[in-house]
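Step one of this worksheet: look at the structure below.
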Amino acid sequence: MAPVRAEPFNDSSALIDFVINQGNGVKGLSEMGLKALPRQYIQPLEERMCMINIKAQESIPIIDMSNPNDPEVVKLICEAASKWGFFQIINHDVPIEVLENVKYATYKFFGLPAEVKNKYSKEHSSSNNVRFGTSFTPQAEKALEWKDYLSLFYVSEEEASALWPLACREQVLDYMRKSEVVIKQLLKMLMKGLNVNEIDETKESLLMGSMRTNLNYYPKCPNPELTVGVGRHSDVSTLTILLQDEIGGLFVRENNGDNWIHVPPIKGSLVINVGDALQIMSNGKYKSVEHRVVANGYNNRISVPIFVNPRPSDMIGPLPELIKDGEKPIYKQVLYSDYVKHFFRKGHDGKKTIAFAEL
């Protein structure tokens with residue numbers, strides 16, 4: 001039988017129907033054996049990896065968390081958050097089997113038939129808190145991204161038990177529970193670096209009042225050099241805790257530069273990055289940094305980020321402790337849900353979202 005080519009999808013409505021409406025995602029496209037990338041996924045030249053400078057010898061910091069109370073560890077974490085916005089942690093408190101289980105569960109969910117996954121799509125899901133989708137914001141993007149995802153917004157154990165897919169529910173809940181210890185350790189250290197020595201209930205709720213976990217699936221791609229797994233963006237979270245598999249493909253922009261640095265997979269490690277909410281709350285001391293994911297022509301790749309966020313109803317702005325001594329605020333107070341809506345209203349566009357909060 002002759003190989004199927006990209007031609008069936010010259011018509012955008014046929015592609016949208018297959019990928020989005022029928023729930024096949026890009027996984028479905030990948031499994032058709034296309035020899036050429038459908039044009040809807042071809043990125044503008046300036047967004048392709050061939051156009052960027054990669055600093056092969058550079059690396060984001062790798063920090064040993066085996067003694068989280070060591071002042072030297074606190075110093076390294078705070079320096080990494082202000083200089084790089086990204087770092088990897090090893091010897092943390094999340095057991096390796098928890099990480100392996102959630103990776104397995106991710107493959108299990110994406111291995112389900114399209115009609116089963118499609119029950120969780122925007123059109124069919126019984127809750128906005130459970131969403132199966134593809135790309136980023138297909139209706140707002142000039143070119144689509146080569147990624148499928150399941151997004152799980154945590155409200156309560158009861159809701160998760162009732163609504164989250166059985167294929168991954170327990171593993172994701174366990175990953176979130178076990179990660180909470182590490183999240184609290186990191187936030188305590190980062191607050192210390194801002195001379196905020198007390199995290200009371202109100203502050204804890206502001207920093208980590210809501211959490212979302214995404215299961216990301218990047219299938220093998222024809223012509224990976226023409227598209228992206230995820231376009232340039234910074235996260236809108238306080239912190240993001242990322243589990244990546246052994247394939248690699250995450251690149252981080254060097255702060256204040258045009259160079260990009262690969263984040264190599266390290267077994268058992270977690271990649272931590274500062275989100276826009278923490279950049280705003282720290283009045284610019286900690287930096288949320290642009291990152292992107294390349295498409296891959298040889299392997300399927302998965303990643304599982306936990307986005308640690310304020311609650312949607314929270315007002316975020318520079319922490320009062322930072323501006324009480326006359327430090328000039330560079331961000332205004334914004335409603336967090338408004339900030340997030342602004343982010344999702346458009347395609348990925350680097351660091352532009354932060355302008356929404358600038359004074």
### Task
Residues being open to solvent by 70 Å² or more (accessible area, probe 1.4 Å) and either in contact with a Lys or Arg (Cβ under 7 Å, 6 or more places away or on another chain) or at negative phi (or both): count how many of those fall in segment 77-105.
7
### Task
Kindly indicate whether Lys108 is closer than 23 Å to Val228 by Cα, open to solvent by 40 Å² or more (accessible area, probe 1.4 Å) and out of contact with any strand residue (DSSP E or B) (no Cβ under 7 Å at 6 or more places or on another chain).
no
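With over 23 Å from the mean Cα position of the chain (by Cα), at pLDDT 85 or above and not aromatic (Phe, Trp, Tyr) as the only criterion, which of Ala36, Ala2, Ala6 stands out?
Values: Ala2 fails: at pLDDT 85 or above; Ala6 fails: at pLDDT 85 or above.
The match here is Ala36.
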### Query
Quick one: is Arg232 within 22 Å of Phe132 (Cα to Cα), open to solvent by 40 Å² or more (accessible area, probe 1.4 Å), modelled with pLDDT of 95 or more and in a strand (DSSP E or B)?
no
### Message
For the list (1) in contact (Cβ under 8 Å) with a residue 40 or more places away in the chain; (2) in contact with a helix residue (DSSP H, G or I) (Cβ under 6 Å, 6 or more places away or on another chain); (3) outside any loop (DSSP other than H, G, I, E, B), I need the number of the one condition that His342 fails.
### Response
(1)
### Query
Looking at segment 168-193, which of its residues are more than 20 Å from Gln244 (Cβ to Cβ), crowded, with 19+ Cβ neighbours inside 10 Å and among the hydrophobic types (A, V, I, L, M, F, W, C)?
Leu187, Met189, Leu190, Met191
### Message
Can you find a residue that is under 30 Å from Leu37 (Cα atoms), part of a strand (DSSP E or B) and open to solvent by 20 Å² or more (accessible area, probe 1.4 Å) anywhere in segment 290-309?
### Response
no
### Query
Is it the case that Glu225 is open to solvent by 10 Å² or more (accessible area, probe 1.4 Å), under 19 Å from Ser282 (Cα atoms) and among the acidic types (Asp, Glu)?
no
### Residues located in segment 239-289, provided they are polar (S, T, N, Q) and assigned to a strand (DSSP E or B)
Thr240, Gln244, Asn259, Asn273
### Message
Restricting to segment 231-278, name every residue that is among the small types (Gly, Ala, Ser) and closer than 19 Å to Ala81 by Cβ.
### Response
Ser234, Ser237, Gly257, Ser269, Gly275, Ala277
### Task
For Thr202, state whether it is at pLDDT below 95, out of contact with any strand residue (DSSP E or B) (no Cβ under 8 Å at 6 or more places or on another chain) and open to solvent by 40 Å² or more (accessible area, probe 1.4 Å).
yes
### Task
Count, please, the residues in segment 242-277 that happen to be open to solvent by 40 Å² or more (accessible area, probe 1.4 Å) and more than 22 Å from Lys352 (Cβ to Cβ).
7
### Task
Scan segment 112-126 for residues that are open to solvent by 20 Å² or more (accessible area, probe 1.4 Å) and under 21 Å from the mean Cα position of the chain (by Cα) and report the count.
2
#### Entry: Answer from Glu327, Glu321 - the residue that is outside any loop (DSSP other than H, G, I, E, B), in contact (Cβ under 8 Å) with a residue 24 or more places away in the chain and open to solvent by 20 Å² or more (accessible area, probe 1.4 Å)
Glu321
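The values are calculated or read from the model by the stated rules, or taken from the named source; none is laboratory data. Treat the numbers as computed from the prediction; the structure is a model and nothing was measured. Backbone-built Cβ (ideal geometry, glycine too); neighbour counts: all protein chains shown. With ligands, DNA and RNA removed, areas are computed over all heavy atoms of the protein, side chains included. Shrake-Rupley method; radii C 1.70, N 1.55, O 1.52, S 1.80 Å.
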